[in-house]
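Quick notes on the structure that follows.
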Amino acid sequence: MKKNYWFVALLFFFASAVSAHGPVRQKAEQEITINAPAEKVWALIKDYGDMSWLPEVKSVTVDKGNTKGSIRVLTLQNGETITEELKKYDESKMSYAYKITDMSTAKTITHAGAEEKVPALPVDNYAASIEVEGAGNSAVVSWKAGYYRAYMNNNPPAEMNEEAANTAVNSVLKSGLENLKALAEK
C-alpha cells in the first residue's frame, strides 16, 4: 500500500513539473519582395546607424557604425529607447544581425501583488537578422527575430505574454518592411 502512495506522489510531482514551465522561445519572420534592385534596397538599410526606414524610430545614435560590437540606441516616436548591439555584419551577403541589450520602461503595472516594469518592446533575450537577396530586378528582404516574452515567470500579465510579444514584434517587422518597399520603389 505504501508503494502506491509513493507512486501517486511521484506522478503528481512529475505532472506539476510539466505544467509549471516558463516561457518558450518565440520566432517571427517577415519577408517582402521589392520591385527594385537588391543593391538599391541594401543601400537603404546597410548603415547600422540609420533606421530612417523604420517608422517607429524617431532617431538613432551609434558608436562604431557597421563594426561588430557597435551599439545603437533607438529613440522611438513615443520617447522610449531600445539599445542594440551589432553581432554580425556582412556587406557581401547584404545582411546583419543584432541583439537588444537594454530597453526603457513603457509603463509599470501591478501583477500578482508586485510592481512589474513593461519594456518598450514586450520581449526578453531578443536577437534578429535582416538580409537582402537579389531576385532578378527585384529584391527579397527577410527579417527574422527570436525572443522570449517579457515576463519570464509563470502566469504572465497580458502586457508581457507571448501574444503581446508576437503582436509587437510582427508589427515592427511588417511596418518596417512595408515602409522599406515604399521607399525603394519610389
Direction-averaged shadow area of the convex hull around the Cα atoms of the range 28-184, nm²? 8.8 nm²
Angle between the chain longest axis and helix 2-19 axis [Cα atoms, degrees, rounded to 10]: 20 degrees
Output for the range 97-186: GluC sites (Glu not before Pro) sitting in coil per DSSP, at most 12 other Cβ within 10 Å, listed by number, reads 185
Counting other Cβ atoms within 10 Å, keep those with at most 15, restrict to DSSP loop, and tell me which chymotrypsin sites (Phe, Trp or Tyr not before Pro) in the range 74-120 are left. none
Segment residue 75-residue 31, length gained on full extension (0.36 nm per residue, minus Cα span): 13.4 nm
Report, by chain and number, residues whose modeled amide H sits under 5 Å from the one on residue 111, excluding near sequence neighbours (fewer than 5 apart, same chain). 116
With the contact rule set at Cα under 8 Å and sequence spacing of 6 or more, what percent relative contact order holds for the chain? 27 percent
Scalar couplings 3J(HN,Hα) for the range 133-143 by Karplus 6.51 cos²θ - 1.76 cosθ + 1.60 (θ = phi - 60°), nearest whole Hz, x for Gly and Pro, are 10, x, 9, x, 8, 10, 10, 10, 10, 10, 10
How many angstrom lie between the C-alpha centres of the range 77-128 and the range 153-186? 12 Å
In the structure displayed, which of 64/87; 64/88; 46/186; 87/144; 64/174; 46/99 lie more than 21 Å apart, Cα to Cα? 64/174
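Here, each number is a calculation from the coordinates, and none is a lab measurement. Being a predicted model, the structure only gives us computed values, none of them experimental. Every residue, glycine among them, receives a Cβ derived from its backbone with ideal geometry; neighbour counts consider all protein chains shown.
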